[in-house]
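Accompanying notes for the structure given below.
The values are calculated or read from the model by the stated rules, or taken from the named source; none is laboratory data. Every value quoted in this text rests on a predicted model; they were computed, and no experiment measured them. Counting neighbours? That spans all protein chains shown, and the Cβs are built from the backbone with ideal geometry, glycine included. Calculation scope for accessible area: heavy atoms of the full protein, side chains included, ligands and nucleic acids excluded. Shrake-Rupley method; radii C 1.70, N 1.55, O 1.52, S 1.80 Å.
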Amino acid sequence: MPEFIRQILSRLLDAGFEAYAVGGCVRDTLLGRVPHDWDVAASARDSDIAALFERTVPTGAKYGTVTVLLPGGSAEVTTFRVDGTYLDGRRPETVAFVSDLREDLSRRDLTVNAMAMDVNGDVVDLFGGREDLRRGIIRCVGDPERRFSEDALRMLRAVRFSAQLGFGIEPGTLAAVRKLSPLAEKVSAERVRAELVKTLDSPRPEIAGLMIEYGLLRRFMTGPGENFRSDLLPACPEDLRTVVFALLAHLADMTDSAAALLRDLRCPAREVKLASEAEAVLRELDGDASDTALLTALTDHSAPPVLAASAALGRIARAERIVRERRYARPGDLAVRGSDLAALGFAGADISRALRALALSVTFGQAENTREALLGLAEKNVKDS
Ligand code: ATP
Ligand code: MG
């Protein structure tokens with residue numbers, strides 16, 4: 001536990017509150033991974049928390065969340081979710097606090113996400129989270145059907161964590177995902193995208209195919225996706241995976257347009273644009289991802305859309321190698337410019353057509369990329385035509 005978290009917990013404890021690190025940071029610590037952020041749950045109300053620390057930001061007052069900033073780092077501190085029945089005054093305070101922690105942990109989605117750690121590093125594990133971590137199991141806290149009915153996002157999270165952690169999904173939890181996947185229609189596109197992207201960025205991006213198989217993405221797709229080649233995702237460069245996912249959906253007849261799919265998923269405009277360029281490359285390749293076809297595409301397009309299209313055709317390794325070795329020339333790489341061709345009598349669209357022809361000649365070794373050779377070739381082309 002980092003020092004600033006110990007400080008936050010201590011200050012809350014000294015003021016008479018209960019306080020624990022909770023959720024993902026406990027999970028990651030037990031896995032021996034470095035948590036990317038720390039969340040604290042406490043019996044203090046947001047106003048109490050704000051009063052205890054010099055620098056705080058009311059991040060989610062509705063949920064009792066306050067961000068506490070210390071020199072060593074910041075953490076979100078959230079009030080235990082309190083159930084009225086625990087505050088009936090008939091129980092001793094400490095029991096009430098334990099109940100509050102239990103309540104707080106039991107509202108969490110997965111057993112591995114539902115553990116708390118106190119200031120001494122002792123773990124509170126009420127739902128067998130540690131055992132599930134050890135055995136590599138994603139399991140709901142409580143009855144999966146009830147938990148997924150409360151919040152359908154949890155189904156996507158269950159699948160996403162299985163990809164990130166490399167865990168299997170417990171059969172009862174998985175059966176509930178399959179059964180209740182239609183409820184995922186209620187989840188906002190932004191949230192679906194966030195879970196999908198985290199899955200694609202994980203060590204097991206092919207799990208995104210299971211999101212399709214389980215029916216979690218049905219509302220974004222027009223077809224069943226039996227031919228979705230999720231096996232091609234792991235070899236795909238991480239920064240292209242969302243676009244390749246959409247291209248694979250397109251090739252599997254699940255969407256008319258990869259770009260439209262990403263637009264529906266509220267992906268950033270640059271990704272939508274890349275998908276539409278990659279779709280154009282796919283059309284031009286028309287299933288032919290031979291070296292010749294890839295070199296032609298790389299002469300005509302920038303590398304990212306060609307790499308994405310190649311990945312969707314199972315030729316990413318080849319395409320990456322060609323890009324790495326830069327075995328092609330683009331019109332902008334040539335030793336001649338449009339103005340040189342204009343001087344030879346080319347005009348309008350013929351200039352870019354001629355530049356492309358010259359680039360292809362260089363790419364395929366039919367001409368050297370020197371001014372002399374290219375001007376000669378261009379002149380010959382004029383005469384021939
Ligand atoms: P990550 O590494 O992705 O941040 P995390 O476990 O911290 O993982 P968050 O989305 O940051 O995940 O949520 C923090 C904690 O809040 C989770 O560990 C879980 O206990 C709880 N949680 C988040 N979303 C839900 C949900 N939809 N339903 C129930 N509990 C949730
Ligand atoms: Mg988190």
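For Glu185 paired with Lys273, estimate the spin-label separation in nm (one decimal), with each label point 7 Å from Cα along the Cα-to-Cβ line.
3.5 nm
In Å and whole numbers, how far do the C-alpha atoms of the range 331-384 stretch along each principal axis, longest first?
26, 22, 15
Only bridges whose two residues both fall in the chain count here: according to DSSP, what percent of them are antiparallel, nearest 5? Show your work: numbers first, answer last.
Values: 19 of 25 bridges.
If I count the DSSP bridges inside the chain, around 75 percent turn out antiparallel.
Relative to the present Cα-Cα distance, how much length would full extension add between Phe364 and Arg6 at 0.36 nm per residue of separation?
On the way: separation 358, 0.36 × 358 = 128.88 nm, distance 6.38 nm.
Value of the extension gain: 122.5 nm.
Calculate the FRET efficiency for Arg318 and Asp118 from the Cβ-Cβ distance with a Förster distance of 41 Å, rounded to the nearest 0.05. If you can, show how the numbers build up before the last one.
Details: r = 54 Å, r/R0 = 1.32.
The computed FRET efficiency comes out at 0.15.
Sort Arg315, Arg283, Arg229, Arg191 by heavy-atom solvent-accessible area, probe 1.4 angstrom, most to least. Can you show the working numbers first?
Details: Arg315 75, Arg283 165, Arg229 115, Arg191 140 Å².
Highest to lowest solvent-accessible surface, that is Arg283, Arg191, Arg229, Arg315.
Could you work out how far apart the two model spin labels at Tyr63 and Ala349 are, taking each label as a point 7 Å from the Cα in the direction of the beta carbon, and quote it in nm?
If labels sit at Tyr63 and Ala349, their model points lie 5.4 nm apart.
Compute the relative contact order of the chain as a whole-number percentage, counting only Cα pairs closer than 8 Å that sit 6 or more residues apart in sequence.
On the way: 588 pairs, mean separation 31.6, N = 385.
Reported relative contact order: 8 percent.
So, by mean Cβ neighbours within 10 angstrom, what's the order for 171-180, 373-382 with the highest one leading?
Values: 171-180: 17.9, 373-382: 16.4.
Listed from highest to lowest mean packing, they are 171-180, 373-382.
Under unit Cβ charges (Lys, Arg +1; Asp, Glu -1), what dipole magnitude, rounded to 20 debye, does the range 331-384 have relative to its Cα centre?
Charge dipole of the range 331-384: 100 debye, to the nearest 20.
Rounded to the nearest 0.05, what FRET efficiency is calculated for Arg134 and Asp256 with R0 set to 35 Å and r the Cβ-Cβ distance? Spell out each step's value before the answer.
On the way: r = 46 Å, r/R0 = 1.31.
E between Arg134 and Asp256, to the nearest 0.05, is 0.15.
Work out, step by step, the length gained on full extension between Glu238 and Asp151: first 0.36 nm times the residue separation, then minus their alpha carbon distance; give nm to one decimal. Before the final figure, lay out the partial values.
On the way: separation 87, 0.36 × 87 = 31.32 nm, distance 2.91 nm.
Roughly 28.4 nm would be gained on extension.
Once R0 is set to 30 Å, what does the formula 1/(1 + (r/R0)^6) return for the Cβ-Cβ distance between Arg107 and Glu206, expressed as a FRET efficiency to the nearest 0.05? Working shown, then result.
Working: r = 31 Å, r/R0 = 1.04.
In this case the efficiency is close to 0.45.
So how far apart, in nm, are the two label points at Thr292 and Ala280 if each is 7 Å from Cα heading toward Cβ?
2.4 nm
Leu334: accessible area at probe 1.4 Å, nearest 10 Å²?
Here the accessible area works out near 10 Å².
For Ala51 and Asp333 in the same chain, what is the full-extension length gain: residue separation times 0.36 nm, less their Cα-Cα distance, in nm?
On the way: separation 282, 0.36 × 282 = 101.52 nm, distance 6.26 nm.
So the extension gain works out to 95.3 nm.
For the chain, what does -39500 (n - 2.57) per DSSP helix run (n ≥ 4), summed and divided by total residues, give at 222 nm, in deg cm²/dmol to the nearest 500? Working shown, then result.
On the way: 19 runs with 196 residues, N = 385.
Here the helix-only value at 222 nm equals -15000 deg cm²/dmol.
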